[in-house]
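Remarks on the structure that follows.
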Amino acid sequence: MKLKEPTLSILFFIPAAIFLIAFFIYPIVLLVVDSFYQYDINKLNVKEFVGLSNYIKALTSDRFIKTTANTVLYVVLAVGIEFILGIILALLLSTGFRGSNIIRTLLLSPLMLAPLVAGLIWKFMLSDQFGIVNWTLYNIGILSDPHKVLWLSDERYSLISCAIADIWLTTPFMMLVLLAGIQGISKDLYEAAKIDGASRSQTFWFVTLPSLIPVATTAIIIRVIDAARSFDIIWVLTQGGPNFSSEILSTYMYKQLARYGRIGSASAMAVIFMIMLLAVSALFMKKIWNPNKEVN
């Protein structure tokens, strides 16, 4: 029996639809519903409807506001430096110099590690007792004492330390995406710029960079979402301390749920967090990447 094309299409779509409903739509609906209730941690089947109370408490909480500010700072710092390093490395590798393939392979090696493993590596490297970072800075004369900088236990450096580990881990991703974008730019554009007498810097600003906007925007949005929900690295390095100086929304929500059993509060924070990410992504796409924008 030969199936008609519409029927065949539906049959192929059903497994994906079931997966989408079971692992995406249902959890989100459950999360939103839970955000309107207050649970008894000892009796999870006992719950009290509190309306928007969990949202009001979250939005008026000093710790939630501080954690949100930490998250924004962490994302801007990590993704900003990753983009700068990524585009520099991509431009260097795009020249195709001898040994570039080997160097590219070596630069991609951090992507092979799990964030948890990367966090453990940097926890040892940034240790104020025996960490290689402090000893290197001491040997080259930057530090007068190899135990002077407490990367993970000083409020001034804890969030920066977590960002450093994230930058090391995911800069290769940014480099790889931007390199693919550079290699996809038509050579005719470069030839036209050369004929017009454009310098290398002018070619970069007026040919390479505008052509990279769609690819760069996609990479940045992916990294913003990924960095905002970082958990493994920060949990291994500092667990949000000291004094919540490196606490971001993902670790704060985890503590609310796992340590304190505040299911309703954690769910409300998660909903707010998702709305923030969706708003940022939508704004970014609208303002920076607009394929339908008319060119004068």
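Values computed for the structure shown
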{"item": "Answer from I84, I103, I132 - the residue that is over 18 Å from V177 (Cβ atoms) and among the β-branched types (V, I, T)", "result": "I132"}
{"item": "Filter result (open to solvent by 20 Å² or more (accessible area, probe 1.4 Å), among the hydroxyl-bearing types (S, T, Y) and within 17 Å of N54 (Cβ to Cβ)) within the stretch 215-263", "result": "Y254, Y260"}
{"item": "Where a residue in the stretch 269-288 is under 17 Å from V33 (Cβ atoms) and its partner, wherever it lies, is of a type in the set (G, A, S) and assigned to a helix (DSSP H, G or I), with Cβ under 7 Å and at least six apart", "result": "M269/A58; I272/A58"}
{"item": "Evaluation of A266 against (1) hydrophobic (A, V, I, L, M, F, W, C); (2) open to solvent by 50 Å² or more (accessible area, probe 1.4 Å); (3) in a helix (DSSP H, G or I); (4) more than 21 Å from T171 (Cβ to Cβ) (one fails), failing number", "result": "(2)"}
{"item": "Members of the stretch 136-152 found to be surrounded by fewer than 15 Cβ atoms within 10 Å (Cβ to Cβ) and of a type outside the set (A, V, I, L, M), listed by number", "result": "T136, N139, G141, S144, D145, H147, K148"}
{"item": "Positions within the stretch 57-82 being closer than 22 Å to D166 by Cα and open to solvent by 50 Å² or more (accessible area, probe 1.4 Å), in sequence order", "result": "K66, A69, V72, L73, V76, L77, I81"}
{"item": "Any hit, the stretch 89-112, residues being under 30 Å from S153 (Cβ atoms), surrounded by 13 or more Cβ atoms within 10 Å (Cβ to Cβ), free of Cβ contacts under 8 Å to residues at least 24 places away in the same chain and out of contact with any strand residue (DSSP E or B) (no Cβ under 6 Å at 6 or more places or on another chain)", "result": "no"}
{"item": "Residue that is nearest to L150 (Cα to Cα), among those in the stretch 188-212 that are open to solvent by 70 Å² or more (accessible area, probe 1.4 Å) and among the hydrophobic types (A, V, I, L, M, F, W, C)", "result": "W205"}
{"item": "Residue within the stretch 116-130 that is acidic (D, E), surrounded by 15 or more Cβ atoms within 10 Å (Cβ to Cβ) and closer than 25 Å to N243 by Cβ present", "result": "yes"}
{"item": "Residues that are assigned to a helix (DSSP H, G or I), among the hydroxyl-bearing types (S, T, Y) and either over 22 Å from the mean Cα position of the chain (by Cα) or at pLDDT 95 or above (or both), drawn from the stretch 72-110", "result": "Y74, S94, S100, T105"}
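Let's see how each residue does on (1) aromatic (F, W, Y); (2) on the phi > 0 side of the Ramachandran plot; (3) within 19 Å of the chain's Cα centre (by Cα):
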| position | (1), (2), (3) |
| --- | --- |
| R200 | no, no, no |
| P210 | no, no, no |
| I213 | no, no, yes |
| R223 | no, no, yes |
| S230 | no, no, yes |
| N243 | no, yes, no |
| S250 | no, no, yes |
| A266 | no, no, no |
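The values are calculated or read from the model by the stated rules, or taken from the named source; none is laboratory data. Remember, it's a predicted structure, so these values are computed and weren't measured experimentally. In this analysis, Cβ positions are derived from the backbone assuming ideal geometry, glycine residues included, and neighbour counts consider all displayed protein chains. In case anyone asks, the SASA skips ligands and DNA or RNA and just uses the protein heavy atoms, side chains included. Shrake-Rupley method; radii C 1.70, N 1.55, O 1.52, S 1.80 Å.
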